[in-house]
1. With respect to the numbered conditions (1) crowded, with 19+ Cβ neighbours inside 10 Å; (2) in contact (Cβ under 8 Å) with a residue 60 or more places away in the chain, which one is the sole condition not fulfilled by T31?
2. Counting just the residues of the range 65-88 that are at pLDDT below 90 and among the charged types (D, E, K, R), which one comes out surrounded by the fewest Cβ atoms within 10 Å (Cβ to Cβ)?
3. Take V26 and tell me if it is in contact (Cβ under 8 Å) with a residue 12 or more places away in the chain, surrounded by fewer than 16 Cβ atoms within 10 Å (Cβ to Cβ) and in contact with an Asp or Glu (Cβ under 9 Å, 6 or more places away or on another chain).
4. Suppose we keep only residues that are among the hydrophobic types (A, V, I, L, M, F, W, C) and at pLDDT below 85 within the range 115-160. Which one would you say is nearest to G94 (Cα to Cα)?
5. For K116, all conditions in the list (1) more than 25 Å from K144 (Cα to Cα); (2) surrounded by 14 or more Cβ atoms within 10 Å (Cβ to Cβ); (3) among the charged types (D, E, K, R) hold save one; what is the number of the exception?
6. Does Y92 qualify as being in contact (Cβ under 8 Å) with a residue 12 or more places away in the chain, of a type in the set (S, T, Y), in contact with a Phe, Trp or Tyr (Cβ under 9 Å, 6 or more places away or on another chain) and exposed (fewer than 14 other Cβ atoms within 10 Å of the Cβ)?
7. Checking E19 against (1) in contact with a Gly (Cβ under 8 Å, 6 or more places away or on another chain); (2) charged (D, E, K, R); (3) surrounded by 13 or more Cβ atoms within 10 Å (Cβ to Cβ), which test does it fail?
8. Kindly check whether there is at least one residue in the range 43-51 that is of a type in the set (K, R), within 23 Å of L141 (Cβ to Cβ) and out of contact with any Cys (no Cβ under 9 Å at 6 or more places or on another chain).
Amino acid sequence: MIGKKIENINENNSENEYEIDEENKVLYVNTNDDYNSSPDKVITAYKIINKLYNFKYIFKTDDDQMLKNNNFFATIIKQLINKETQKMKSHYGGFIIDVKQDYYSKYYMIHEELPKNLVVKRTKYCSGRFYFLSEEAIKDLIEKDGTLEKKSYSDTISDL
């Protein structure tokens, strides 16, 4: 595990693309530090991690989540290794939300910076609370044309 947290570098007024605090396992990225910029922050971090490290999977969660089972990661890693051995590699693990019809989000009630007329279109998307992505999925994601970082609905990245 290379890190435990991704933070914004802007508080330090840095010109750097990123900074790494090895001791505290924090990756600082140079992106805007607001709720709507969360996708940009995460994808920027993925680009930096992909450039600097060799990895098989990235596990992503929000910092307000509580781990209740101390064997959680050991169990997931064991299952991932087992699947790879059987030539059935997993590229995504997490919760998939199936939006059956368009609707107006009420998420602005929790995050006032979101627009009140935000339409969530019929799609399937992956929740941002916790998920893992394989190296191949990360590479595919960062090769997209840059539109994903600009999504305003931070807990979702649609149509992966």
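1. Going through the list (1) crowded, with 19+ Cβ neighbours inside 10 Å; (2) in contact (Cβ under 8 Å) with a residue 60 or more places away in the chain, T31 breaks only (2).
2. Filtering the range 65-88 for residues that are at pLDDT below 90 and among the charged types (D, E, K, R), the one surrounded by the fewest Cβ atoms within 10 Å (Cβ to Cβ) comes out as K87.
3. Values: in contact (Cβ under 8 Å) with a residue 12 or more places away in the chain: yes; surrounded by fewer than 16 Cβ atoms within 10 Å (Cβ to Cβ): yes; in contact with an Asp or Glu (Cβ under 9 Å, 6 or more places away or on another chain): yes.
Here the answer is yes, as V26 does meet what is asked.
4. Going through the range 115-160, the residues among the hydrophobic types (A, V, I, L, M, F, W, C) turn out to be 118-120, 126, 130, 132-133, 137-138, 141-142, 148, 157, 160.
If we keep only those that are at pLDDT below 85 too, we end up with 126, 148, 157, 160.
Working: C126: 7, L148: 19, I157: 13, L160: 13 Å.
Filtering the range 115-160 for residues that are among the hydrophobic types (A, V, I, L, M, F, W, C) and at pLDDT below 85, the one nearest to G94 (Cα to Cα) comes out as C126.
5. Result: K116 passes all but (2).
6. Details: in contact (Cβ under 8 Å) with a residue 12 or more places away in the chain: yes; of a type in the set (S, T, Y): yes; in contact with a Phe, Trp or Tyr (Cβ under 9 Å, 6 or more places away or on another chain): yes; exposed (fewer than 14 other Cβ atoms within 10 Å of the Cβ): yes.
The answer is yes for Y92.
7. That leaves (1) as the condition not met.
8. Step one: list which residues in the range 43-51 are of a type in the set (K, R), which gives 47, 51.
Adding the requirement that they be within 23 Å of L141 (Cβ to Cβ) leaves 47, 51.
Pick out the ones that are also out of contact with any Cys (no Cβ under 9 Å at 6 or more places or on another chain) and you get 47, 51.
The answer is yes; a qualifying residue exists.
The values are calculated or read from the model by the stated rules, or taken from the named source; none is laboratory data. Keep in mind that what you see is a predicted model, and the values were worked out from it rather than measured. Cβ atoms come from the backbone with ideal geometry, glycine included; neighbour counts cover every protein chain shown.
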